[in-house]
Amino acid sequence: MSEAALVLEQVRTPMFGSPHHLEVDLRIAAGEFVALVGPSRSGKSLIIELAAGLVSPEAGRVVLLGHEWSGGSESEYNPVRIRVGTVLEQPGLLNNMTLFNNVLLPLRYHRGALSDRSREHAVMAQLERLGLTPMRDRFPAELSHGEVRRGAIARACMLDPEVLLLDDPVAGVDAEMQLVLKAYVEERRADHSLTVVVALRAWSPFIEGADRLVALHDGRVKADGPRDAVAEVVPEALRRYVE
């Protein structure tokens, strides 16, 4: 069996805005691309937050890259965090910085030995791949929602993470740019082993690139497996998320 990049073991935790609890056992292998699908308040975003170590479960264990999120100090977790790229539902670009400087931040903090020229080349390469070159000097308030999301993804990938956690990366992104994002993730997976976990609130081309779908409803996994297999067994209420 392949080494696990992410394990949620007998996890149980409340879901904000829902009477239900998330109750899940989930194992994602290193290099796997898994799409979490289902309606709002089904547990998808919570799984992303648990995986990123931003939320602690009420019960059970969350293990990412062999390290358990279990109440340790930030200094203990920092070596793990820099191996993970995370983009939440609110992408979190800093309003007082241009898009270029937002994407540059990880290099400033963690790649201090790089020359300014090397940093600029690395940032511009990411912006170009995501169709954001003309927006490099704009502030987040001057960007569309989809441009902000793409900028956050570029920032999350600047350190070549081993795991990429994305909460609804296609929200506000038009059909053409969804294909650009899909190609971008596929290119990064081809460059090096990259585990991708993406939460999706509607069908999108991202699903076509996934090795596996996990369909959720009311905090429970209703189907888990390759897309064709999931489409055959998923409850009718969830069928539109996988077809």
Looking at this structure, is residue 59 over 27 Å from residue 211 (Cα atoms) and either assigned by TED's automatic domain parsing to the domain that holds residue 236 or surrounded by 14 or more Cβ atoms within 10 Å (Cβ to Cβ) (or both)? yes
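I'd like the residue in the range 195-212 that is of a type in the set (A, V, I, L, M) and at pLDDT below 95 and, out of all such residues, is surrounded by the fewest Cβ atoms within 10 Å (Cβ to Cβ).
My answer is 202.
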Any residue in the range 195-205 that is among the charged types (D, E, K, R), closer than 18 Å to residue 44 by Cα and under 16 Å from the mean Cα position of the chain (by Cα)? yes
Conditions (1) in a loop (DSSP other than H, G, I, E, B); (2) at pLDDT 90 or above; (3) in contact with a strand residue (DSSP E or B) (Cβ under 6 Å, 6 or more places away or on another chain); number of the one not met by residue 60: (1)
Which numbered condition trips up residue 61, out of (1) farther than 26 Å from residue 192 by Cβ; (2) in contact with a Leu (Cβ under 7 Å, 6 or more places away or on another chain); (3) basic (Lys, Arg)? (2)
If we keep only residues of the range 1-36 that are among the β-branched types (Val, Ile, Thr) and farther than 25 Å from residue 204 by Cα, then the residue surrounded by the fewest Cβ atoms within 10 Å (Cβ to Cβ) is 7
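Given the structure, is residue 190 surrounded by fewer than 16 Cβ atoms within 10 Å (Cβ to Cβ) and either under 15 Å from the mean Cα position of the chain (by Cα) or over 15 Å from residue 35 (Cα atoms) (or both)?
Criteria met by residue 190.
The values are calculated or read from the model by the stated rules, or taken from the named source; none is laboratory data. Keep in mind that what you see is a predicted model, and the values were worked out from it rather than measured. FYI the Cβ positions are ideal-geometry reconstructions off the backbone, even for glycines, and counts take in every protein chain you see.
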